[in-house]
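Worksheet: the structure to be examined is printed underneath.
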Amino acid sequence: MELTADSNYKNLLKGYNMLLYFAGSMIMYEPTEECVVDFWSKGILSALPIKSSNPRFYEAASQLRESCRDKTLCRKMLQEDFNKLFAGSGQPLAPAIKSYYADTSLSEALGVQKVSDFYNAYGWQKITQYNIPDDNLGKELLFLTLLNDKYISLDDEACRSEMRNEIRRFIIQHILSWLPDWNSRMQEYAGTLCYTGIATLIYACCEDIYDIMVSPKREMNFSTEFRN
């Protein structure tokens, strides 16, 4: 499927941003009752706003459709999983932090820009009531939505081309460089399909966005479209 119209790409990226915002929030903050109602009880996750032929995206959609069947226990199960995976009193089983999986000092020695420098270059610093490190995946995903929004707002093709390069660089240096290892731990240790699905969804979305930014005027290897 060829996606050449700007409106298609804008809608597409808005759809991915919605998914990234949801997923990023779920790994930064302990799930609340409102979260369960908004995303599971209302059935939002049973029909994702994006269709992609990326096999990993299919897997994520399937996991999320089957998740949280018992709404009365869903919040409790999600909170238990969150604490076990990310915020346990002992060693979290799947820390969503780049420095846990990657040698950041080696990366910097090889010329990889610090993620905090990336944020500062765009005048962005996510302020939260929690002490969340800059290389937390949730924070990185929220920053990626900002980059996507900036790309959507640009009209000049030279600026858009430069922004595509920036988005690809950020994804490959600060997300896909360690996400496979984190996702493997999530698939092994998560006790709910909610969190295994969220991990798979993050992986798929980042792969898809990277592919879109490689060459937005060509026919894409796996069709991706915004579902109205």
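Here, each number is a calculation from the coordinates, and none is a lab measurement. Predicted model, so just to flag it, every value in this text is computed and none were measured. Heads up, the Cβs are rebuilt from the backbone with ideal geometry, glycines too, and the neighbour counts pull from every protein chain shown.
Taking 0.36 nm per residue of separation and subtracting the Cα-Cα distance, full extension of the segment from T32 to Q113 would add 25.7 nm. Less than 5 angstrom separates the built amide H of I97 from those of L137, all sequence-distant by 5 or more or on a different chain.
Put simply, when 162-175, 188-201 are sorted by average Cβ atoms within 10 angstrom per residue, most first, you get 188-201, 162-175.
Can you give the FRET efficiency to the nearest 0.05 for R169 and Q79, using r as the Cβ-Cβ distance and R₀ = 30 Å? Efficiency, rounded to the nearest 0.05: 0.25. Ordering of 55-65, 13-23 by packing is 13-23, 55-65, highest average first (other Cβ atoms within 10 Å, averaged per residue). Computed from phi, the 3J(HN,Hα) profile of segment 12-19 under the Karplus parametrisation 6.51, -1.76, 1.60 (θ = phi - 60°) reads 4, 5, 5, x, 5, 4, 4, 5 Hz, with x in place of Gly and Pro. Between S62 and S41, what FRET efficiency comes out of the Förster formula 1/(1 + (r/R0)^6) with R0 = 22 Å and r the beta carbon distance, rounded to 0.05? Efficiency for this residue pair is about 0.70.
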